[in-house]
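Here is the structure we will look at.
Since every read-out is calculated from the coordinates, none of them should be taken as a lab result. Treat the numbers as computed from the prediction; the structure is a model and nothing was measured. Every residue, glycine among them, receives a Cβ derived from its backbone with ideal geometry; neighbour counts consider all protein chains shown.
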Amino acid sequence: MAIKIKNPDQIEKMYAAGQIVRETLDRLGEIITPGITTKELDEEAKNVCKQHDAVCLFYKFPGMGGPFPGNICASINEEVVHGIPSKSRIVSDGDIVSVDFGVLKDGWCGDAARTFCVGNVEPENVRLVEVTRKSLELAIELMPISRTWSQVAYKMQEFIRGEGFSVVEDFVGHGIGQSMHEDPQVPNFVTHSLKLRDIKFRPGMVLAVEPMVNMGVPACRILPDGWTVVTADRKPSAHWEHTIAIVENGIRVLTA
C-alpha cells in the first residue's frame, strides 16, 4: 500500500472541501420530501458546489457503466450505493434515501454520505439507518484509541451483526486526498488479508470511512445500468460516511 501522508496545511484544505460536502448534505436534508426527484436533489448539490467554486467529484467519474452521469449518488431503499439521479426517480413517503457526495476544492477532496428517512418510515428501516450511523460514530470513537484499522473494523462488524443486520463486503471505504480514491482500502469488516496487511494509524493519514449495512443478506448485485448496486434479496440498505484525518492528538472529522 502506498498511503499518502498529508501535512497540516493539506489537511486544512481537505477540511475546506469537507465543509462544502457537509453544507450540501445539510441542504439536501432540508429539501428531501415526498415528491421530489433525485434529479432535483442532484441539481441542488451542483448549485451549492458551484457557489463555493468547487468541482463535483462524481460527475463523469469513469466506471463499468460509462462516465457517471450525476453529481450525487442517490440510492433509495434496496439500492446500496451508486444510484443514478433521474427525473423519473421520485422520492416517496416512507423511503430511505442514501446520498453520497464529494467535491474537489483547490486540488483536495472531501467525501461523505448520509441516509435520510423521508416521511413515515417503517420502524425497522429507521433502526437500520440508526445502526449504520452509530457504526460510523463507533469508528470515530475508537480510532483515537486504536493502533490499527482492524481493531476498529472488528468492533463495527460485531455491533452491526449484533443488531441483526449484515455488513456489505463488496464495497469498502478508502484513502482520500488529491484523488477521491487512494490507498488503503478501508473495509468495515475483518478479513484474513486485512490482518496480514493491516492499516497502522499514523498522523497525516486521511480515510473515508463508510459503513454500508443491509437489512438482509450482505450480498449485492449491479443493475444493467452498470452503476446502481442493489441488495441481492431486495431488502433495504443504509450508508453513512465521513472523511476522517488522523492528527497528532487524535482524529479530525473533516466532513462534520
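Near Phe159, once Lys and Arg are set to +1 and Asp and Glu to -1 for all other residues with Cβ below 15 Å from its Cβ, the sum equals 0.
This model, with +1 at the C-beta of Lys and Arg and -1 at the C-beta of Asp and Glu, gives the stretch 8-253 a dipole about its Cα centre of some 420 debye. For the residue pairs Lys6/Lys105; Lys60/Lys235; Lys60/Lys105; Lys134/Lys155; Lys134/Lys195, the alpha carbons lie more than 20 Å apart in Lys60/Lys235; Lys134/Lys195. With θ taken as phi - 60° and the Karplus curve 6.51 cos²θ - 1.76 cosθ + 1.60 applied, the whole-hertz 3J(HN,Hα) list for the stretch 63-70 is x, 4, x, x, x, 5, x, x Hz, x standing for glycine and proline. Spin-label pair Arg127-Gln178: with each label point 7 Å from Cα along the Cα-Cβ axis, the two points sit 4.8 nm from one another. Averaging the sequence gap over all C-alpha pairs within less than 8 Å and six or more residues apart, then dividing by the number of residues, gives the chain a relative contact order of 24 percent.
Quotient of the Cα radius of gyration of the stretch 29-70 and 2.2 N^0.38 Å, N being its number of residues: 1.32.
What trypsin sites (Lys or Arg not before Pro) in the stretch 46-90 are in a loop by DSSP, with at most 15 other Cβ atoms within 10 Å of the Cβ? Walk me through the numbers before you get to the answer.
Working: sites: Lys46, Lys50, Lys60, Lys87, Arg89; in loops: Lys60, Lys87, Arg89.
Qualifying residues, ordered by number: Lys60, Lys87.
Residue separation times 0.36 nm, minus the C-alpha to C-alpha distance between His52 and Arg27: what's the value? Walk me through the intermediate numbers first.
On the way: separation 25, 0.36 × 25 = 9.00 nm, distance 1.39 nm.
Residue separation times 0.36 nm, minus the Cα-Cα distance, leaves 7.6 nm.
What Kirkwood hydrodynamic radius do you get for the stretch 8-253 when you take the inverse of the mean 1/r over all pairs of distinct Cα atoms, in Å? Don't jump to the answer; show the numbers that get you there.
Values: mean 1/r = 0.0556 Å⁻¹.
Roughly 18.0 Å, rounded to one decimal.
Using the 2.2 N^0.38 Å rule of thumb for compact globular proteins, work out how the stretch 1-115 stacks up: its C-alpha Rg over that value, please. Show your work: numbers first, answer last.
On the way: Rg = 14.6 Å, N = 115, 2.2 N^0.38 = 13.4 Å.
Against the empirical 2.2 N^0.38 Å value, I get 1.10 for the stretch 1-115.
With N the number of residues in the stretch 148-248, Rg(Cα) / (2.2 N^0.38 Å) evaluates to 1.12.
Measuring r between the beta carbons of Glu141 and Lys60 and using R0 = 35 Å, the FRET efficiency lands at 0.45.
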